[in-house]
Structure formats: structure tokens, C-alpha cells
Amino acid sequence: MQHKDSDSEDLEDDTIPEEIIREVENFKNKLKSNLEKTEAVNLGDSELLKETRTSIHLSPSEKEEYIRFLKEYEDIFSCSYDDMMGLSTSIVAHKLPTNLTCPPVKQKLRKFKTDMSLKIKEEVTK
């Protein structure tokens with residue numbers, strides 16, 4: 001089905017391709033999110049480390065295609081602050097505007113159950 005706008009230009013069909021629908025369903029049905037488990041990948045060579053992380057849930061072909069894409073467009077992505085020439089510190093520096101006349105307030109320490117505090121400690125060290 002094609003639609004025409006006020007300029008009478010033909011627009012593309014706005015249906016979603018089956019492949020995208022399948023990929024979204026596969027993503028939803030995975031037990032672990034792609035963001036939880038990752039592995040390091042070096043996009044540089046043995047002398048120059050350009051490390052990024054990829055999901056462990058990618059198939060070998062997806063991973064290979066992803067790495068090829070990153071290498072093809074490596075001039076767009078940065079692996080360190082040194083790669084970001086001319087980047088203003090006002091963009092990358094985080095500041096908390098505080099009033100020097102007001103001292104900071106320390107919150108009361110909270111106690112957690114033993115199993116919960118172990119999980120918290122694990123997340124903090126992670």
C-alpha cells in the first residue's frame with residue numbers, strides 16, 4: 001500500500017520487515033540482556049590496543065560483522081580521550097554546583113541483610 005503526501009510524492013511502504021520482527025522477538029526471549037555479559041575485543045593490533053566490548057550473545061557471524069563495521073569506521077569511534085581531539089572539557093567534565101556556605105550532609109548508614117549486602121558489594125566492585 002502506498003501513500004501520497006501533499007506534494008504527491010510516493011512514499012515507501014511503512015510495514016516492518018519480518019527479519020526485524022524476528023530479531024526483536026529473539027532479543028526479548030533471551031534470558032540475559034546483551035548488556036550484562038560482554039567480552040573484550042581489540043580493534044587495534046598487537047602494539048596498539050583499541051579495546052571495545054561486545055556481547056557474548058552475538059552469533060559468530062554477527063560478531064564478525066560487528067567488528068568489521070567498527071574497523072571500517074574506526075575514524076568515527078574513539079577508544080580513549082586522546083582520540084577525541086578538540087573535545088571541550090565542558091562537555092566531558094561532570095560538575096556539581098554546590099553552595100560553599102552550606103556544608104554537605106552525611107546520610108545515616110543503612111544496614112542491609114547479609115545476602116543483600118554481599119550482592120551490593122559484588123556490584124560495587126564490578
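The values are calculated or read from the model by the stated rules, or taken from the named source; none is laboratory data. Computed from a prediction, not measured in an experiment: that's the story for all the values here. FYI the Cβ positions are ideal-geometry reconstructions off the backbone, even for glycines, and counts take in every protein chain you see. Ligands, DNA and RNA are excluded from the accessible area calculation, which covers all protein heavy atoms including side chains. Shrake-Rupley method; radii C 1.70, N 1.55, O 1.52, S 1.80 Å.
In the condition set (1) out of contact with any strand residue (DSSP E or B) (no Cβ under 9 Å at 6 or more places or on another chain); (2) surrounded by 11 or more Cβ atoms within 10 Å (Cβ to Cβ), residue 88 is compliant with all but (2). In the stretch 28-53, the residue that is modelled with the lowest pLDDT out of those that are open to solvent by 90 Å² or more (accessible area, probe 1.4 Å) and more than 30 Å from residue 80 (Cβ to Cβ) is 31. Among residues of the stretch 19-40 that are acidic (Asp, Glu), those with a Cβ under 7 angstrom from a residue that is modelled with pLDDT of 80 or more and not in a helix (DSSP H, G or I), sequence gap 6+ or separate chain, pair up as 39/53; 39/54; 39/56.
Scanning the stretch 58-80 for residues that are under 19 Å from residue 23 (Cβ atoms) and in contact with a Phe, Trp or Tyr (Cβ under 9 Å, 6 or more places away or on another chain) yields a total of 1. Please indicate, with yes or no, whether at least one residue in the stretch 54-62 is at pLDDT below 85 and either surrounded by fewer than 10 Cβ atoms within 10 Å (Cβ to Cβ) or among the charged types (D, E, K, R) (or both). No: the stretch 54-62 contains no residue that is at pLDDT below 85 and either surrounded by fewer than 10 Cβ atoms within 10 Å (Cβ to Cβ) or among the charged types (D, E, K, R) (or both).
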